[in-house]
């Protein structure tokens with residue numbers, strides 16, 4: 001079933017991103033795997049900015065256990081992208097992020113998708129329970145969906 005693109009107003013946090021020379025494929029547009037890299041970069045940038053992960057020495061790390069993407073229109077190099085981020089589910093140890101990638105001044109996403117992090121202990125790789133303060137920061141970009 002074909003999805004409709006999300007709207008810029010569906011997101012409450014934005015991060016500016018840029019395409020890179022090597023992102024284009026032989027067809028002259030961003031290769032599909034680059035969209036997943038943009039999702040991952042935008043979310044991790046937000047997590048680091050909010051002191052929710054310490055990529056070098058933090059005890060907890062987020063592992064992606066599921067992801068998906070819907071493509072609506074292409075990006076290419078050089079192009080500026082605005083990544084809208086929202087959280088739609090917060091579990092005991094997991095978080096579902098949704099990301100919309102927008103061309104400047106477009107209200108509809110050129111691509112949107114999701115991924116689910118399960119937070120685990122860096123050493124044991126076992127899921128950890130997210131504490132209150134962690135969830136409180138996640139809640140700042142939480143959006144309740146009406147399905």
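Candidates 50, 24: the one that is over 18 Å from residue 136 (Cα atoms) and touching a residue at least 40 places away in the same chain (Cβ under 8 Å) is 24. Identify the residue in region 118-129 that is touching a residue at least 40 places away in the same chain (Cβ under 8 Å) and not in a loop (DSSP other than H, G, I, E, B) and, among all such residues, is surrounded by the most Cβ atoms within 10 Å (Cβ to Cβ). Checking each candidate, the answer is 119. Could we say that residue 80 is over 17 Å from residue 137 (Cα atoms), surrounded by fewer than 15 Cβ atoms within 10 Å (Cβ to Cβ) and without any contact (Cβ under 8 Å) to a residue 40 or more places away in the chain here? No: the conditions fail for residue 80. Regarding residue 102, is this residue outside any strand (DSSP E or B) and either more than 30 Å from residue 124 (Cβ to Cβ) or in contact with a strand residue (DSSP E or B) (Cβ under 6 Å, 6 or more places away or on another chain) (or both)? Taking the combined requirement at face value, the residue does not satisfy it.
The residues of region 94-117 that are more than 13 Å from the chain's Cα centre (by Cα), surrounded by fewer than 19 Cβ atoms within 10 Å (Cβ to Cβ) and modelled with pLDDT of 95 or more, listed by number, are 94, 103, 106, 107, 108.
The values are calculated or read from the model by the stated rules, or taken from the named source; none is laboratory data. None of the values given here were measured: they were computed from a predicted structure. Cβ sites come from the backbone with ideal geometry, for glycine too, and all protein chains shown count toward neighbours.
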